[in-house]
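See below for the structure under consideration.
The values are calculated or read from the model by the stated rules, or taken from the named source; none is laboratory data. Predicted model only: the values in this text are computed from it and were never measured. Counting neighbours? That spans all protein chains shown, and the Cβs are built from the backbone with ideal geometry, glycine included. The accessibility values were calculated without ligands, DNA or RNA, using every heavy atom of the protein model including side chains. Shrake-Rupley method; radii C 1.70, N 1.55, O 1.52, S 1.80 Å.
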Amino acid sequence: MSLAVSILGEAALKQVVKYVNRNPEEGLQSLLHWAGKIPFHPEVREKIEIGGRVFQDRDNNWYQLAMRIFKEVHPRVRERLIVNMFINAWFLGIPRQRELTAKTGTNIPFTLLVDPTARCNLRCTGCWAGDYNREQEMDYATLDRICSEAKALGIYFMVISGGEPLMRRNDLLALAAKYPDMAFHVYTNGTLIDDSLAEEVAKLGNIGFAISLEGFRESTDARRGRGVFDRVMKAMDTLRRAGVMFGFSATYTRRNAEEVGSEDFIELMIAKGCTFGWYFTYIPIGSDVDLELMATPKQRAYMYRQVQYFRKSKPIAVFDFWNDGELVQGCIAGGRRYLHINAAGEVEPCAFVHYATGNIKDMTLLEALNSPLMRAYRKRQPFNHNMLRPCPIIDNPDMLAEMVAESGAHPTQLASGGDAAEFAAALREYSHAWGRLADSLWEDGRPAEVEALGHIEMPLPDRGEDR
């Protein structure tokens, strides 16, 4: 029985979901009004009140996004979104996590990122996971145990990555079927999505996809391989026809920041049916490490501005894993709000921090959350008073070296690329340069250097889509 059903009662929950599905405009307001009467944590109640105000304004872009979802996605997907994500993971899961944190003395995160496989059918330049042992696979029994232990801790949102996770398609579908009250968010290159998969996912209702691309056709194919952009466009069309929720995942670098941050790009993603988008800045780890590929501080500031602009004006939910530190009070890794378990079972504080002090095959999830490296992380968070400098890798690199040394963590990728102290030294100049600009942005709101960026207009490569 799901957490939502056990708390609210099956009959009441079914009526709520049925009403929202039948009449989303009135139903969503009623759902928020009903939720406001439940004695949630003050932080949750505040967000419910904000949501209530948003859905009273039909010109608001977030209201328009909600209507897009209710018009475009499969009824089963809508039902699972309401129950699994909003009720189980958020309204009820977060209080459960807080309760268990107080009881156990170990912080319980909101989500887990798990890699079923390190195998991939592409060889993308500079892949963050490209230097793991590509033969590593996590067996189904371990995946099942992780989900079971996560659910017992109040974690109902599972993020799946790789490798290419759809190379384990059958196992992912089996997990989603076994845990129908959990939400599965899958990062994929999109090339293995077909009609039969989309139909199965729509029936299950609890899997969503974040599809990777680097901009338009030229940029995507340059990093991911010839023809990949067109295959991604086809995958988006396939998921949209089936009514499956999906979004994009884009890594911005020195070469493509202005492209993926452009209004043309975000409008294309909306037109293709994306309801959300994730932005990541390039981190020099994994394969083909290249410090020169990192976005410049000015480009990172540009992306910060663009995401704020999109969030206020476009019917799509966009997030920046680095520049959104203000939304989540700094770094969320190390088990604070998430951690990463790679295909070998190594428990890492973050997908981009390839060090560990434990393996999930040898311990419970609760024990993994309390491992030496996780404790070292949480002892120091936040890593900076400026929430625009949240990261211990690229913003505060000496912190990472300190935590690795203190915890005795070992590298988890094939070529360590030097020890953590050497890695920190290589990133120190970048961290200082971004720090100066970020401090100005944080203190003044809109410093002259950032204000001068405006909305950059520049010639863009061939968009390559068929509308």
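Assess whether residue 45 counts as being over 22 Å from the mean Cα position of the chain (by Cα), at pLDDT 90 or above and not aliphatic (A, V, I, L, M).
The answer is no for residue 45.
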note = Of the listed residues (389, 380), the one being open to solvent by 20 Å² or more (accessible area, probe 1.4 Å), without any contact (Cβ under 8 Å) to a residue 24 or more places away in the chain and basic (Lys, Arg) is 380
inquiry  = Yes or no: the stretch 351-362 includes at least one residue that is acidic (Asp, Glu), in contact with a Ser or Thr (Cβ under 6 Å, 6 or more places away or on another chain) and either within 26 Å of residue 433 (Cα to Cα) or outside any loop (DSSP other than H, G, I, E, B) (or both).
reply    = no
Checklist (1) more than 18 Å from residue 23 (Cα to Cα); (2) among the aliphatic types (A, V, I, L, M); (3) without any contact (Cβ under 8 Å) to a residue 60 or more places away in the chain applied to residue 66, failing item = (1)
query = Is there any pair with a first residue in the stretch 222-233 that is over 18 Å from residue 255 (Cβ atoms) and a second that is of a type in the set (Lys, Arg) whose Cβ atoms are under 7 Å apart and which are 6 or more apart or on different chains, and what are they?
reply = 233/272
query = From the residues in the stretch 406-422 that are open to solvent by 40 Å² or more (accessible area, probe 1.4 Å) and touching a helix residue (DSSP H, G or I) at 6+ places or on another chain (Cβ under 7 Å), which one is nearest to residue 132 (Cα to Cα)?
reply = 417
key: Test result for residue 202, among the aliphatic types (A, V, I, L, M) and open to solvent by 30 Å² or more (accessible area, probe 1.4 Å)   = no
Output for the stretch 102-128, where each listed residue is open to solvent by 20 Å² or more (accessible area, probe 1.4 Å), among the hydroxyl-bearing types (Ser, Thr, Tyr) and over 15 Å from residue 149 (Cβ atoms) = 125
query = Which condition number in (1) out of contact with any helix residue (DSSP H, G or I) (no Cβ under 6 Å at 6 or more places or on another chain); (2) closer than 27 Å to residue 348 by Cα is the one that residue 53 fails?
reply = (2)
